[in-house]
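All remarks here apply to the structure that follows.
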Amino acid sequence: MIAVLRRLLIGRPLETARMEHEKVGQFGGLAVFAADAMSSVAYGPEEVLLVLMLAGSAGLAYGVPVGIALAILIAIVATSYRQTVQEYPSGGGAYVVAHANLGVLPAHIAGGALLTDYVLTVAVSVASGVAAITSAWPGLHEHRVALAVCFIVLIMLVNLRGVRESAGIFSLPVYGFIFCCLATILAGFAKLMAGHLEPGLPSQLPVALQGVTAFLVLRAFSSGCASLTGIEAVANGVQAFKEPRGKTAAAVMVWLALILATTVIGVSVLAHWLGIAPAEKVTVLSQIGEKVFGRGTMYYLLQTTTALILIFAANTSFADFPRLSAFMARDGYMPRQMANLGDRLVFANGIIMLAGLAIALIVGFEGDVSRLIPLYAVGVFTAFTTSQAGMVIHWIRKGGPHWHYKVIVNGLGALCTGVVLIVIAVTKFAYGAWIVCLIIPVLVMIFRSIGKHYRYVASRLSLDNASAVQPHHNLTVLLVGGMHRGTLEALQYVKALSHDVRAVHVEAEGAQDPRIRRLWDAWEHDIPLTVIESPYRNLAGPLLEYCAKLKQQEGYDIVTIVIPEFVVDDVWQSLLHNHTALWLQVSLRTVTDVAVVNLRYRL
């Protein structure tokens, strides 16, 4: 039943040979990796205005200059990362670049920052998408947390089906949002120029709480920097592209930067000209759409695609978080399981982990975008800075044609993103960024501990210590629960396995002359049965004491315990039995010099 359900939800297993077939081109790559960056158009400019409106209409006047500054930063970062994807077509982005050029510690910082940002991306994107839905249908506002959790589970299941299928499913909302957003911007400009729309001032602007200061503008800029999250996703997921991977990824990076910069400036300018300010339950993009199209078909289409792009923006993180985790796992800094490919040629463990962490964030912050946003962008700009600094070192070491120009490009990218990182950390620290500033060092310590453990394990398993391995003297112990046909099958097995065999029954019911002793004597004449009393009805304790006594008195090095158990035909039937063998195996899993063999047979 479980296998059938798994196949219905996830699909049939794919052969490893189909790996190249599962990769995507420019069209599919933009659908998978652009969703995160494009979704920020729906909340990035709004976060800028939310900060600026503290200074009233005078503050909102800075919305357009901040939008232009964001577009310039997008161009700088995209140009820098374009060189990265061409030079490192294996993927891994900031982590791989930092590891190769700056060392282990910067790589850990970049990896921890990106992993944190990917979790936040899922939480912020889905929460923003639900906010767009509740803007159009306010009655759903009180159910926003449940809706967000359902969407995260849905995206997780789609990604477990594979990269190619997720690209096909998510291409419609991504390209639909791009079309609706550009159509809204063009229609807004056209109607303003034709005089069909009147420029205005916000109708319900609150009283200015402070004057316009450099700190306020910088804080607004740092909030708007959420618009850049997702640009690095292409660099981290280069392996998902078809050959030539580097060239394909670079082309996707260019298209992404052009569309993103255009829409950010367009939304900022329209919000300024139309006199739109953030409202409590209606997004800025929703207000622009209503003024441009009215509450007609196009408005609801814009809201629908906005909600979808915001929700499915999480797909970018589901594409990159597992890949980055796999890179770090292969280097020995995350659990090895993270590098295991699932049935559908995706890193399923990473996908499931990301979904769980994002759901915890959504529940913890009650799906409130404004409470999640301050945590955002610190991680991604940390990764931006380490990646571009690593590329500077890379070009200096490698040289080659025009290397001076490339150093300047990546150096400018490192400088700009480094300055923005400082601005974000300072302006958002008291509003929640301190949490991320604390989480990243904690993750770095975890990575170092995992790496230390794996190095220790490798040193202990090294063949350099082969001389310490000595021949073993083994005793086979058959655990007998009752006298039946299964026990006779087990007896034949242990006799074929070893000539040194003991049979043991743990008496947990306190019988002085257990019936099994008489049955044993009637059916088995070669191997004697030892009955061990267990006054506290525990199997593992008395059994281990017996094995330790034999090892001490008779000089055995290892004891192999054979546990016979029958297997039922249906899942529901297994619920009717104790599974003593399973629990005993779990109890003995950490005991050294004791091997446990489960001998299974069907009824």
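The values are calculated or read from the model by the stated rules, or taken from the named source; none is laboratory data. As the structure is a computational prediction, the values presented were derived from the model and not from experiment. Ideal geometry is used to build each Cβ from the backbone, glycine not excepted, and the neighbour counts take in all protein chains shown. With ligands, DNA and RNA removed, areas are computed over all heavy atoms of the protein, side chains included. Shrake-Rupley method; radii C 1.70, N 1.55, O 1.52, S 1.80 Å.
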Inset, instruction - Go through region 508-542 residue by residue and tally those that are part of a strand (DSSP E or B) and not acidic (Asp, Glu). - result: 4
Inset, instruction - Have a look at His505, His499 and point out the one that is more than 50 Å from the chain's Cα centre (by Cα), without any contact (Cβ under 8 Å) to a residue 40 or more places away in the chain, closer than 27 Å to Glu554 by Cβ and not in a helix (DSSP H, G or I). - result: His499
Inset, instruction - Among the candidates Ala34, Ala55, Ala71, Ala98, single out the residue that is under 21 Å from the mean Cα position of the chain (by Cα), farther than 22 Å from Ile169 by Cα, surrounded by 14 or more Cβ atoms within 10 Å (Cβ to Cβ) and of a type in the set (A, V, I, L, M, F, W, C). - result: Ala98
Inset, instruction - Among the residues of region 532-554, write down those that are open to solvent by less than 40 Å² (accessible area, probe 1.4 Å) and out of contact with any Gly (no Cβ under 8 Å at 6 or more places or on another chain). - result: Ile532, Ala540, Gly541, Pro542, Leu543, Tyr546, Cys547, Leu550
Inset, instruction - Quick one: count up the residues across region 158-182 that are closer than 10 Å to Leu302 by Cα and in a loop (DSSP other than H, G, I, E, B). - result: 0
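For every residue, the table says whether it meets (1) at pLDDT 85 or above; (2) out of contact with any Phe, Trp or Tyr (no Cβ under 9 Å at 6 or more places or on another chain); (3) within 30 Å of Ala214 (Cα to Cα); (4) not hydrophobic (A, V, I, L, M, F, W, C).
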site: Ile74; (1), (2), (3), (4): yes, yes, yes, no
site: Gly92; (1), (2), (3), (4): no, no, no, yes
site: Gly111; (1), (2), (3), (4): yes, no, no, yes
site: Ala131; (1), (2), (3), (4): no, no, no, no
site: Phe151; (1), (2), (3), (4): yes, no, no, no
Legend entry - Selected residue [open to solvent by 10 Å² or more (accessible area, probe 1.4 Å), at negative phi and either at pLDDT 85 or above or part of a helix (DSSP H, G or I) (or both)] from Ile439, Ile362: Ile439
Legend entry - The one condition in (1) among the aliphatic types (A, V, I, L, M); (2) touching a residue at least 60 places away in the same chain (Cβ under 8 Å); (3) open to solvent by 10 Å² or more (accessible area, probe 1.4 Å) that Ile169 fails to fulfil: (2)
Legend entry - Options Leu205, Leu201, Leu216; residue that is at pLDDT 80 or above and either in contact with a helix residue (DSSP H, G or I) (Cβ under 8 Å, 6 or more places away or on another chain) or not in a loop (DSSP other than H, G, I, E, B) (or both): Leu216
Inset, instruction - Could you list all residues from region 222-266 that are open to solvent by 10 Å² or more (accessible area, probe 1.4 Å) and either touching a strand residue (DSSP E or B) at 6+ places or on another chain (Cβ under 8 Å) or at pLDDT 85 or above (or both)? - result: Lys242, Lys247, Thr248, Ala251, Val254, Trp255, Ala257, Leu258, Ile259, Ala261, Thr262, Ile265
Inset, instruction - Any residue in region 588-601 that's under 11 Å from Cys547 (Cβ atoms) and loosely packed, with under 13 Cβ neighbours inside 10 Å: show its pairings with residues that are at pLDDT 85 or above and of a type in the set (Phe, Trp, Tyr) at Cβ separation under 6 Å, as long as the two are six or more apart or on different chains. - result: none
Legend entry - Failed criterion for Tyr175 (all others in (1) within 15 Å of Ala35 (Cβ to Cβ); (2) in contact with a strand residue (DSSP E or B) (Cβ under 8 Å, 6 or more places away or on another chain); (3) of a type outside the set (A, V, I, L, M, F, W, C) hold): (2)
Legend entry - Failed item, numbered, when Pro514 is tested on (1) loosely packed, with under 13 Cβ neighbours inside 10 Å; (2) at negative phi; (3) not acidic (Asp, Glu): (1)
Inset, instruction - Check region 336-351 and report whether any residue there is open to solvent by less than 10 Å² (accessible area, probe 1.4 Å), in contact with a helix residue (DSSP H, G or I) (Cβ under 6 Å, 6 or more places away or on another chain), within 30 Å of Ser135 (Cα to Cα) and in contact (Cβ under 8 Å) with a residue 40 or more places away in the chain. - result: yes
Inset, instruction - Within region 540-564, work out how many residues are farther than 22 Å from Lys495 by Cβ and in contact with a helix residue (DSSP H, G or I) (Cβ under 7 Å, 6 or more places away or on another chain). - result: 1
Inset, instruction - Would you please name the residue that is nearest to Val163 (Cα to Cα), looking only at residues in region 283-303 that are open to solvent by 30 Å² or more (accessible area, probe 1.4 Å) and without any contact (Cβ under 8 Å) to a residue 40 or more places away in the chain? - result: Thr297
Inset, instruction - Among the residues of region 408-425, write down those that are open to solvent by 30 Å² or more (accessible area, probe 1.4 Å) and either outside any helix (DSSP H, G or I) or without any contact (Cβ under 8 Å) to a residue 40 or more places away in the chain (or both). - result: Ile408, Leu415, Val419, Ile422
Inset, instruction - Working carefully through the options Tyr546, Tyr601, Tyr536, find the one that is among the aromatic types (Phe, Trp, Tyr), at pLDDT below 85 and closer than 15 Å to Leu478 by Cβ. - result: Tyr601
Inset, instruction - Say whether the condition of being of a type in the set (Asp, Glu) and surrounded by 10 or more Cβ atoms within 10 Å (Cβ to Cβ) is met by at least one residue in region 464-480. - result: no
Legend entry - Filtered residue count, region 555-573, keeping only those that are surrounded by 12 or more Cβ atoms within 10 Å (Cβ to Cβ) and either of a type in the set (Gly, Ala, Ser) or in a loop (DSSP other than H, G, I, E, B) (or both): 3
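Yes/no matrix, rows are residues, columns are (1) polar (S, T, N, Q); (2) farther than 27 Å from Ala307 by Cβ; (3) without any contact (Cβ under 8 Å) to a residue 40 or more places away in the chain; (4) assigned to a helix (DSSP H, G or I):
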| residue | (1), (2), (3), (4) |
| --- | --- |
| Leu5 | no, yes, yes, yes |
| Leu52 | no, no, no, yes |
| Arg82 | no, yes, no, yes |
| Val85 | no, yes, no, yes |
